[in-house]
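Here the structure is laid out as structure tokens; the discussion comes afterwards.
Since every read-out is calculated from the coordinates, none of them should be taken as a lab result. Predicted, not measured: the structure shown is a model, and the values here were computed from it. Cβ atoms come from the backbone with ideal geometry, glycine included; neighbour counts cover every protein chain shown.
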Amino acid sequence: MSVDETGTEHGDAGADEPGWDVDPDDESGAAVVAAVGRQIKAWREAAGLRAGEFGAAIGYGEDQIYKVEGGRRIPRPELLDRADEVLGAGGKIAAMKQDVAEVRYPKKIRDLAKMEAKAVELAAYGSHNLHGLLQTEEYARALLGTRRPVLSPDELERAVAGRVARHSIFDRAPAPELSFVQEESSLRRPVGGLAVWRRQLDNLLRLGELPFVDIQVMPTSRWDHPGTGGRIQVLKFSDGSAVGRADDEFAGRSITHPKQLRILELRFGIIRARALTPEESQAFIEQVRGET
């Protein structure tokens, strides 16, 4: 806890909160955080403030200031806003919030989010768990918590934050066309416990009502479809290009070759045709929700 010149107490914001440490393996992200830290330090020194004085003025401890300036800690948005105000940067420090916001998330998630942000169509089939775009924050946290080796608190929070940030796709204008097919089993697995599961089902019902979102359920009794190899996803872009991925083929890597993409699109088309219609699926999810 620190006290500023007005006598107002400030907590050491984010001092021990997980999810804000720099991933040493993320070279591009670490470079951004280091550059921002150097800028903050330059402004602080130009203002004639010691690290402790600066921290007290913005509500952060001296140790946190050194970590941020040294590129070892991702600065929170409110830290950048307060630093801009206290140091009289005229918006130059606050302007770095957008750059910093992205690097909080793991690089793999950042790359996926960038593709989703550009996509005009998304088609996805999920066999075991719900697609990340459909997951609530608490469902995602519970699901990621089952990974082995166990994620550290910082890794877990970064992964959850990155998954939730991708949900901005539902707010885009113009909206992309999103089509999901989920195996029945993924709707019946109570990830996170009954309360979390119920809220997850409610979220599916809400998303299914959006005019640009189709959610279909593949009943367990329908075995005659080409989804036995696991997840399939295809993203299409406005320039006519596309990228896809399948668990069981192409070594699970991203593919862009037209012939390989046609294979995935063929599979997804058959899967979608075998599944319940979006209207039938909404009724099915409501039924599952009622059974809980």
| field | FRET efficiency for L266 and S241, using Cβ-Cβ distance with R0 set to 22 Å, rounded to 0.05 | value | 0.75
| request: Using a/c under 1.5 as the rounded threshold, could you call the stretch 194-242 rounded, prolate or oblate? The axes a ≥ b ≥ c are square roots of the C-alpha gyration tensor eigenvalues, and prolate needs a/b larger than b/c, oblate otherwise. | output: oblate
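In nm, what is the difference between 0.36 nm times the number of residues separating T256 and E177 and their Cα-Cα distance?
The T256-E177 span can extend by a further 26.5 nm.
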| request: Using the structure shown, select from K67/K236; K41/K118; K92/K118; K41/K236; K67/K118 the pairs with a Cα to Cα distance greater than 31 angstrom. | output: K67/K236; K41/K118; K41/K236; K67/K118
| remark: Output row, site R199, 7 Å Cα→C-beta label point, backbone N cut-off 16 Å, window the stretch 133-171, residues 134-145, 160-161, 164-165
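Could you order the peptides 137-150, 179-192 from most to least packed, using the average number of other C-beta atoms within 10 Å per residue?
Listed from highest to lowest mean packing, they are 179-192, 137-150.
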| Between helix 258-274 and the chain: long-axis angle, C-alpha atoms, 0 to 90°, nearest 10 | 70
| Using the Cα gyration tensor of the stretch 107-291, with a ≥ b ≥ c the square roots of its eigenvalues, what is the shape: rounded (a/c below 1.5), prolate (a/b larger than b/c) or oblate (neither)? | rounded
| remark: Rounded to the nearest 5, the percent of DSSP beta bridges in the chain running antiparallel is 55
| note | In degrees, nearest 10, the alpha-carbon axis of helix 27-46 is tilted away from the dominant principal axis of the alpha carbons of the chain by 30
| query | By average Cβ neighbour count within 10 Å, what is the ranking of 108-121, 52-65 from highest down? | reply | 52-65, 108-121
| Nearest 10 degrees, 0 to 90: what angle lies between the long axis of helix 77-87 and the longest principal axis of the chain (Cα atoms)? | 20
| task | Could you run the Karplus curve 6.51 cos²θ - 1.76 cosθ + 1.60 with θ = phi - 60° over the stretch 48-57 and give me ³J(HN,Hα) per residue in whole Hz, x for Gly and Pro? | result | x, 9, 6, 4, x, 5, 4, x, 4, 6
| Once the Cβ-Cβ distance between R206 and A101 is put in as r, and R0 is 41 Å, what FRET efficiency do you end up with, to the nearest 0.05? | 0.95
| request: Could you please rank E45, E69, placing first whichever residue has the fewest other Cβ atoms within 10 Å of its Cβ? | output: E45, E69
| task | When a/c is below 1.5 the answer is rounded, else prolate if a/b is larger than b/c, else oblate, so apply that to the stretch 94-169 with a ≥ b ≥ c taken from the square roots of the Cα gyration tensor eigenvalues. | result | oblate
| task | May I have the extent of the alpha carbons of the stretch 204-287 along their three principal axes, as whole Å values ordered from largest to smallest? | result | 40, 31, 17
| query | For the pair Y66 and S28, what calculated FRET efficiency results from E = 1/(1 + (r/R0)^6), where r is the Cβ-Cβ distance and R0 = 30 Å, to the nearest 0.05? | reply | 0.85
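Full-extension gain between D81 and A46, please, as 0.36 nm times their residue separation minus the C-alpha to C-alpha distance.
Separation in residues times 0.36 nm, less the Cα-Cα distance, equals 10.8 nm.
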